[in-house]
Amino acid sequence: MKNLWTRREVARLLGIAAVPSLLPVVAHAAAPGDDGFSSSFLWGSATASYQVEGAVHEGGRGPSIWDTFSHTPGKIANGDTGDVADDFYHRYRDDVQLMKRLGLQAFRFSVAWSRIFPSGSGQPLAQGLDFYKRLVTELKTNGIEPFCTLYHWDLPQALQDKGGWENPDTAHRLAEYEGYVAGELSRLGVKHFFTINEMRTFVELGYGNGTHAPGLKLTRKALAQVRHNVLLAHGLSVQAIRAKGSQGVQAGLCENVTVPVPVTLRSEDIQAAAIAIREENAGYLTAVFEGKYTERYLRELGDDAPHFTPDEMRAIGSPLDAVGLNIYTPTYVRSTAGGYEALPMPANFPRMASDWLKVGPECMYWGPKLVQEAWKPRAIYITENGCSAADQMTAQGEILDTDRIMYLRNCLGQMRKALNEGAGVKGYFVWSLLDNYEWADGYGKRFGVVYVDYQTQKRTPKLSAKFYSSVIASRGSGL
Ligand code: GBH
């Protein structure tokens, strides 16, 4: 690639005084051999316990809030539950072979808390952990690096019965559980742990608008306190993972960071995005990276602001080894007198099969870029990116999901641009390996690069899996 325009030419083209140095718009000149991702860049896929495992009554597993919620009439499309899902609990060996055939180098899975502590605390159940030990061993034997998420929304029902995330005690229970599992699995060679997947999603949907388990609609004040309890749970868990894990253990979290995309390339709008990355994530990632709430966040909440102590804020700000960004869709922002404004999505904005999944691949550039600039994390992983599509099998038994390939190809190109400009992205996990239980959407929305026939559990790699394999094999050169 060669530099097409100088900075001055770009500025003239845009009618602005100067191109801001924060974000070079001129493509970096490629060094010879710099045509793809480095050989240490990790390519993986991700799943989560309740979405794939099934076997909800096996191995002594206790019920979680998602068992309760999915079995509550009217909550889930088509009344679907995760009782069987992809039957990954029984088929994980074959699925690891499938990953290997696709050339995957890493696999992100989650541990179901209620398999280890059926009622959330007390004595751990060895049988419950055995499943994850076998999975990890299988992955390592096949040269696939395990990345372990310790909480992907399946809170033990027994803890919800005691107030769930409204009860500050839950934060301590999470840390105990996470310390225990990190201790056990790190001895088997697992290095990468994530405390929590997407605080924002399960707090806002589970306790705010009631569309996810446990289906509550709390007041603004109670919700702000839940957010705080969850942040504290994360911070205490980072400390527990470090205390109990083997040497070299890495602690982080995965968050669906709101990604502000400057709607124009004017320096004002780019500055607006730099403000928005902190403020739009103030209740979550910003608090984690800065160990405090922003003034604006507290001011907007007013009397509804959470109660917190300096000690709690210090725990919340525990330094991380890595941050996982789950990125699907952009939020366009522009500059205003107050700093920034997030723009609503127009009705005709292109989207994938899920209504919310608007297609704006530039979020995969601005996400890592703005996070890097704002907080300089030690490492960034894209722990989820992918899309739903209305996959149909042809008479020849193929799934020709060129729509998903379009989505992935564009996202990967944008990620690479961020990386070339210094964002410390170390790996990428496509969501998802398999079609699976898409929460309130049930099995109706398919996100896998591998198709699952839910009648027979047969797996069929889609054309997007072949595309992804080719990206891995070529280290993304020519994307
Ligand atoms: C992730 O959430 C999850 O980590 C994963 O489990 C999930 O399967 C995957 O993405 C695909 O969805 O319906 O208008 O209320 C992504 C972030 C936030 C996207 C909540 C859907 C609901 C929007 N999600 N959002 S709406």
Exercise. Collect the residues in the stretch 197-226 that are surrounded by fewer than 23 Cβ atoms within 10 Å (Cβ to Cβ) and either in contact with a Cys (Cβ under 8 Å, 6 or more places away or on another chain) or among the charged types (D, E, K, R) (or both), keeping them in residue-number order.
Key: ARG200, GLU204, LYS217, ARG220, LYS221
Quiz item: Of all residues in the stretch 229-275, which are assigned to a helix (DSSP H, G or I), over 30 Å from CYS411 (Cβ atoms) and of a type outside the set (S, T, N, Q)?
Solution: LEU232, ALA233, GLY235, LEU236, ALA240, ARG242, ALA243, LYS244
Exercise. State all residues of the stretch 322-349 that are outside any strand (DSSP E or B), touching a strand residue (DSSP E or B) at 6+ places or on another chain (Cβ under 7 Å) and away from the ligand (no atom under 14 Å from the Cβ); if no residue qualifies, say none.
Key: LEU343
Quiz prompt | Residue list for the stretch 156-199, filter: part of a helix (DSSP H, G or I), over 22 Å from ASN142 (Cβ atoms) and of a type in the set (D, E, K, R) | solution = GLU166, ASP169, ARG173, GLU176, GLU178
Self-check item: Residues satisfying the stated conditions in the stretch 386-404, i.e. away from the ligand (no atom under 16 Å from the Cβ) and out of contact with any Lys or Arg (no Cβ under 9 Å at 6 or more places or on another chain)
Solution: GLN392, MET393, THR394, ALA395, GLN396, GLY397, THR402
Quiz item: Taking GLY143, is it more than 16 Å from the ligand (Cβ to nearest atom), of a type outside the set (A, V, I, L, M, F, W, C), in contact with a Ser or Thr (Cβ under 9 Å, 6 or more places away or on another chain) and over 15 Å from PHE109 (Cα atoms)?
Solution: no
Practice problem: Looking only at the stretch 411-428, decide whether some residue is within 23 Å of TYR50 (Cα to Cα) and either within 16 Å of the ligand (Cβ to nearest atom) or more than 18 Å from the chain's Cα centre (by Cα) (or both). | Solution: yes
Quiz item: Which residues, counting only those in the stretch 286-296, are in contact with a helix residue (DSSP H, G or I) (Cβ under 7 Å, 6 or more places away or on another chain) and not hydrophobic (A, V, I, L, M, F, W, C)?
Solution: THR286, GLY291, LYS292, TYR293, THR294, ARG296
Quiz prompt | Hits in the stretch 446-463 - residues which are away from the ligand (no atom under 12 Å from the Cβ), in contact with a strand residue (DSSP E or B) (Cβ under 7 Å, 6 or more places away or on another chain) and assigned to a loop (DSSP other than H, G, I, E, B) | solution = VAL449, LYS462
Quiz item: What is the one condition in (1) among the hydrophobic types (A, V, I, L, M, F, W, C); (2) over 14 Å from ALA353 (Cβ atoms); (3) assigned to a helix (DSSP H, G or I) that MET406 does not satisfy?
Solution: (2)
Practice problem: Exactly one condition in (1) within 12 Å of the ligand (Cβ to nearest atom); (2) in a loop (DSSP other than H, G, I, E, B); (3) of a type in the set (Ser, Thr, Tyr); (4) farther than 30 Å from PRO73 by Cβ is not met by SER354; state its number. | Solution: (4)
Exercise. Can you confirm whether the stretch 107-116 contains a residue that is more than 23 Å from the chain's Cα centre (by Cα) and either part of a helix (DSSP H, G or I) or surrounded by 17 or more Cβ atoms within 10 Å (Cβ to Cβ) (or both)?
Key: no
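Could you say whether any residue in the stretch 369-376 is touching a residue at least 12 places away in the same chain (Cβ under 8 Å) and either over 21 Å from ASP269 (Cα atoms) or within 16 Å of the ligand (Cβ to nearest atom) (or both)?
no
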Exercise. Pick out the one residue from PRO319, PRO361, PRO346, PRO377 that is closer than 30 Å to ASN167 by Cβ and at pLDDT 95 or above.
Key: PRO319
Quiz item: Considering LEU232, LEU185, which residue is in contact with a helix residue (DSSP H, G or I) (Cβ under 7 Å, 6 or more places away or on another chain), farther than 25 Å from LEU125 by Cβ and away from the ligand (no atom under 16 Å from the Cβ)?
Solution: LEU232
Practice problem: Could you tell me which of the residues TYR443, TYR407 is farther than 23 Å from VAL96 by Cα, in contact with a strand residue (DSSP E or B) (Cβ under 9 Å, 6 or more places away or on another chain) and within 13 Å of the ligand (Cβ to nearest atom)? | Solution: TYR407
Quiz item: LYS466 fails exactly one of the following numbered conditions: (1) outside any strand (DSSP E or B); (2) within 28 Å of VAL261 (Cα to Cα); (3) charged (D, E, K, R); (4) more than 16 Å from the ligand (Cβ to nearest atom). What is the number of that condition?
Solution: (2)
Quiz item: If you check every pair at least six apart or on different chains, which have Cβ atoms under 6 Å apart with a residue in the stretch 268-281 that is more than 19 Å from TYR297 (Cβ to Cβ) first and a residue that is at pLDDT 95 or above second?
Solution: GLU268/SER335; ASP269/PRO262; ASP269/VAL263; ASP269/ARG334; ASP269/SER335; ILE270/PRO262
Quiz prompt | Cβ-Cβ under 7 Å pairs, at least 6 apart or on other chains, the stretch 438-452 side over 21 Å from HIS71 (Cβ atoms), far side in a strand (DSSP E or B) and within 8 Å of the ligand (Cβ to nearest atom) | solution = PHE447/TRP431
Quiz item: In the set GLU290, GLU255, which member is touching a Gly at 6+ places or on another chain (Cβ under 8 Å), of a type in the set (Asp, Glu) and buried (at least 24 other Cβ atoms within 10 Å of the Cβ)?
Solution: GLU255
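The values are calculated or read from the model by the stated rules, or taken from the named source; none is laboratory data. All figures in this text were calculated on a predicted structure; none of them were measured in a lab. A quick note on method: Cβ atoms are made from the backbone with ideal geometry, for glycine too, and the neighbour counts reach across all protein chains shown.
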